[in-house]
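Some notes on the structure that comes next.
The values are calculated or read from the model by the stated rules, or taken from the named source; none is laboratory data. All values reported here derive from a predicted model rather than from experimental measurement. Reconstructed Cβ throughout: ideal geometry from the backbone, glycine too, with neighbour counts over all protein chains shown. Side chains included, ligands, DNA and RNA excluded: accessible areas come from the protein's heavy atoms. Shrake-Rupley method; radii C 1.70, N 1.55, O 1.52, S 1.80 Å.
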Amino acid sequence: EFAESVGKACASRPAPVAPFQVEMVGSGWFPEQGPPRILWIGVEEGEDGLRRLFRHLEDILAGLGIKGERRRFSPHLTLGRVRERGGRIQRRDLEPFRARRWGRFLVQDYQLMESRLATGGARYSVVKRFPLGCMGGS
């Protein structure tokens, strides 16, 4: 199974990244023109740790024959996607959140997730956790 192969590869190559703080600041949407379809929150502090973790995971996946992302890595938190059937979010309603400080948290691990499509949307579950800066996963 693919997830098992990824899990084994991640467990055998611990991330060379110590736990780090991330501060979430600002927000935006994609696409820039037209109705917003994807809402996101930006990262102010912790970009370096996220980039190092991203590169580490790209190396692991490349070893499994998975090609890397062509787009430049841009750390952010996706809040959600807007369904056209459910109405439209207006840009003017989002503007007050552009510069908001959302808070900070400590990144101590990363997780291998599984998504299963269901009638009400995707269902996500944690397959395995991998602590930063040490061996193994649970």
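Summary of computed values
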{"item": "From phi via Karplus (6.51, -1.76, 1.60), per-residue ³J(HN,Hα) for the range 44-57 in Hz, x at Gly/Pro", "result": "9, 9, x, 4, 4, x, 5, 5, 5, 5, 4, 4, 4, 5"}
{"item": "The chain, Cα convex hull volume normalised per residue, Å³", "result": "136"}
{"item": "Spin-label model distance (nm) - VAL25 vs ARG101, 7 Å beyond Cα toward Cβ", "result": "0.8"}
{"item": "Residue-level accessible surface for TRP102, protein heavy atoms, 1.4 Å, Å²", "result": "100"}
{"item": "Within-13-Å neighbourhood charge of LEU64 [Cβ basis; K, R +1; D, E -1]", "result": "-1"}
{"item": "For GLY26, residues with placed amide H under 5 Å, excluding near neighbours", "result": "GLY42, ARG100, ARG101, TRP102"}
{"item": "Length-normalised contact order for the chain - Cα pairs under 8 Å, 6+ apart - percent", "result": "35"}
{"item": "Karplus-derived HN-Hα couplings along the range 102-115 (A = 6.51, B = -1.76, C = 1.60, θ = phi - 60°), whole Hz, x at Gly and Pro", "result": "8, x, 9, 8, 9, 8, 10, 7, 10, 10, 8, 10, 10, 10"}
{"item": "Accessible area expressed per residue, the range 62-120, with surrounding protein chains retained (probe 1.4 Å, Å²)", "result": "91"}
